[in-house]
Amino acid sequence: MTFTANATEPPSDREARRADFLAYYDAEAADRARRPVPPWRNAAQQEFLARLAEERWRTVLEVGCGPGRDGEAIAAAGLAYTGVDLSPGMVEVARAAGLDAHVASATDLPFGDHTFDAVWSMSTLMHLDDTELEAALSEIVRVLVPGGLFAVGMWGAAELTVGTLADPAAEPSKVYGPPRYFHRRTDATVRERLGEHGEVESWWTRPSSPGSSHRYQYAVVRTSSPAG
């Protein structure tokens, strides 16, 4: 993998970045649907589903649903599932799996206030710059019921790293599109940003490989209750 770090991009570049994402993820949708979800993410998912069952929550929105791999497990747990993804190709595959999925941006969710009990969002929000991340978190809180839960997982790093990721050595059949934008934040930054939108009740990180500064950050956050 080749990661090219850049200064934080100006807003004018966002539309070009969006086009790159659509090209990449539309082309990757079918292959991604066939890949298994990593065991450590499955474990986080099952823990979250158990928490929702214990608290008797019923409705779940997945932000960045991809081809529906997590969505199928959420729906199989008996929860009312809705997914959104920026990529029409991903949404098409998720719908073919029988899921209620819609094309939409994390920064502009097409749902009313307090529509969902819980939100699940894995490996999506690290593709947003700071302004977009704030908009996405605000939207998640808006569509959640007061006191609802949202689980967020994203790739981060020991130091802030902003840039694009490409794999020039990949087989031609596995080059899905242009390099993707990543905004890899530190653990402290992610916890601070999440804490501005609720109480961080669970938190862990895991390195992508032993000794790596590249890590996966996972949190479960509870929104404020009416009294809060």
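A few remarks follow.
- When residue 34 is tested against (1) touching a residue at least 60 places away in the same chain (Cβ under 8 Å); (2) open to solvent by 60 Å² or more (accessible area, probe 1.4 Å), just one condition goes unmet, and that condition is (1).
- Qualifying residue in the stretch 113-129 (condition: outside any loop (DSSP other than H, G, I, E, B), out of contact with any Gly (no Cβ under 8 Å at 6 or more places or on another chain) and surrounded by fewer than 18 Cβ atoms within 10 Å (Cβ to Cβ)): no
- Strands (runs of 3 or more DSSP E) fully within the stretch 173-225 counting 2 or more residues that are under 24 Å from residue 90 (Cβ atoms) and of a type in the set (Ser, Thr, Tyr): 214-222
- Residues of the stretch 53-89 satisfying the condition of being in contact with a strand residue (DSSP E or B) (Cβ under 9 Å, 6 or more places away or on another chain), part of a helix (DSSP H, G or I) and over 19 Å from residue 111 (Cβ atoms): 72
- Any hit, the stretch 90-103, residues being among the acidic types (Asp, Glu), modelled with pLDDT under 95, part of a helix (DSSP H, G or I) and farther than 18 Å from residue 220 by Cβ: no
- Positions within the stretch 83-110 being closer than 22 Å to residue 128 by Cβ and open to solvent by 20 Å² or more (accessible area, probe 1.4 Å), in sequence order: 85, 86, 88, 102, 103, 105, 107, 108, 110
The values are calculated or read from the model by the stated rules, or taken from the named source; none is laboratory data. Because the structure is predicted, anything quoted here is derived from the model rather than measured. Positions of Cβ are backbone-derived with ideal geometry, glycine not excepted, and every protein chain shown enters the neighbour counts. Side chains included, ligands, DNA and RNA excluded: accessible areas come from the protein's heavy atoms. Shrake-Rupley method; radii C 1.70, N 1.55, O 1.52, S 1.80 Å.
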